[in-house]
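S.K.: I am attaching a structure below and will ask some questions about it afterwards.
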Amino acid sequence: MPTKTIIPKITKKSNLPVDTKNQLSMAAAHPPLEAWASGTTNSVTGISAGTGSAIYGKGGTKGKAGLFDGQVQVNGNIQVDGNLTATGDIYLSGADCAEQFDLAEAAGKVEPGTLVILDEMGGVRASSGAYDRKVVGVVAGAGHYRPGMVMDKVETGAERTVVSLMGKVFCKADASYGAIHVGDLLTSSETPGHAMRAGDAGKAFGTVVGKALGRLESGQGLIPMLIALQ
């Protein structure tokens with residue numbers, strides 16, 4: 001059975017095994033150590049004062065580098081150099097699946113909520129024509145919706161923007177071409193970067209970007225929509 005040990009501050013004078021770098025050597029600890037805490041205190045705390053890791057574990061040919069049996073909270077970013085496997089559900093607070101695209105040359109500024117189309121080089125720019133088959137998505141981040149996942153986040157040497165491709169997003173819309181109601185299919189309009197109701201069924205196929213989740217009776221504004229390219 002493991003020995004229940006309260007681990008003191010690790011120093012050269014501690015009676016726990018410490019290597020030449022003043023690190024606790026758990027491999028040398030025999031019998032195995034357990035750190036117990038009561039109340040709200042932490043049983044083990046690692047603080048890095050330099051460029052190294054505060055806590056480091058290395059697995060063997062069969063053993064794991066670490067095992068947490070219970071809830072784990074991370075306040076910060078996680079970097080995984082390898083595969084990530086989950087046997088349960090994954091919950092994301094963001095509302096859509098997005099991907100980074102290069103901005104087309106002379107695309108200008110495309111702010112969140114802008115409806116965008118592809119150019120001939122695969123970059124994106126604000127839409128500018130009605131029923132455009134090159135429509136691809138909406139620049140992420142407008143309103144209170146944020147992406148739940150962002151793919152293709154790499155350096156290409158060009159200015160890039162995050163485009164929502166699936167899920168819920170706020171999009172610029174123009175109701176001067178017809179009032180927009182919940183459930184209406186949306187397509188590109190003559191107003192740059194704005195969607196409109198796809199009232200012409202003959203032109204809608206291949207140009208629909210999504211379905212309205214809100215109303216816009218007149219004028220221009222941001223409306224929530226469910227992106228579903230058709």
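The values are calculated or read from the model by the stated rules, or taken from the named source; none is laboratory data. Since the structure is predicted, the reported quantities are computational estimates derived from the model, not experimental observations. Cβ: placed from backbone, ideal geometry, glycine included. Neighbour counts: every protein chain shown.
S.K.: Which one of GLN79, GLN73, GLN100 is part of a strand (DSSP E or B) and of a type outside the set (D, E, K, R)?
M.R.: Details: GLN79 fails: part of a strand (DSSP E or B); GLN73 fails: part of a strand (DSSP E or B).
Going through GLN79, GLN73, GLN100 in turn, just one is part of a strand (DSSP E or B) and of a type outside the set (D, E, K, R): GLN100.
S.K.: Could you tell me which residue of region 178-206 is nearest to GLY129 (Cα to Cα), considering only residues that are surrounded by fewer than 22 Cβ atoms within 10 Å (Cβ to Cβ) and touching a residue at least 40 places away in the same chain (Cβ under 8 Å)?
M.R.: GLU190
S.K.: Here's a follow-up. Scan region 159-174 and give yes if some residue there is assigned to a strand (DSSP E or B), within 16 Å of ALA98 (Cα to Cα) and free of Cβ contacts under 8 Å to residues at least 60 places away in the same chain, otherwise no. Outline the logic, then answer.
M.R.: Going residue by residue through region 159-174, those that are assigned to a strand (DSSP E or B) are 160-174.
Filter again for within 16 Å of ALA98 (Cα to Cα), leaving 160-171.
This time we only want the ones that are free of Cβ contacts under 8 Å to residues at least 60 places away in the same chain, so: 170-171.
Yes, some residue in region 159-174 is assigned to a strand (DSSP E or B), within 16 Å of ALA98 (Cα to Cα) and free of Cβ contacts under 8 Å to residues at least 60 places away in the same chain.
S.K.: Could I ask something else about it? Which ones in region 104-117 are more than 20 Å from LEU185 (Cβ to Cβ) and in contact with a strand residue (DSSP E or B) (Cβ under 6 Å, 6 or more places away or on another chain)?
M.R.: Residues satisfying the conditions are ALA104, ALA107, VAL110, PRO112.
S.K.: From ALA54, ALA49, ALA65, grab the single residue that is among the aliphatic types (A, V, I, L, M), assigned to a loop (DSSP other than H, G, I, E, B) and in contact with a Phe, Trp or Tyr (Cβ under 9 Å, 6 or more places away or on another chain).
M.R.: That would be ALA65, the only listed residue that is among the aliphatic types (A, V, I, L, M), assigned to a loop (DSSP other than H, G, I, E, B) and in contact with a Phe, Trp or Tyr (Cβ under 9 Å, 6 or more places away or on another chain).
S.K.: Of these, VAL74, VAL136, which one is under 29 Å from the mean Cα position of the chain (by Cα), under 30 Å from VAL208 (Cβ atoms) and at pLDDT 80 or above? Walk me through it before giving the result.
M.R.: On the way: VAL74 fails: under 30 Å from VAL208 (Cβ atoms).
Being under 29 Å from the mean Cα position of the chain (by Cα), under 30 Å from VAL208 (Cβ atoms) and at pLDDT 80 or above holds for just one of VAL74, VAL136, which is VAL136.
S.K.: Still on this structure, I have one more. Go through (1) over 30 Å from GLY214 (Cβ atoms); (2) among the β-branched types (Val, Ile, Thr); (3) more than 19 Å from the chain's Cα centre (by Cα); (4) at pLDDT 90 or above for THR87 and report which single condition fails.
M.R.: Only one criterion is unmet by THR87, namely (4).
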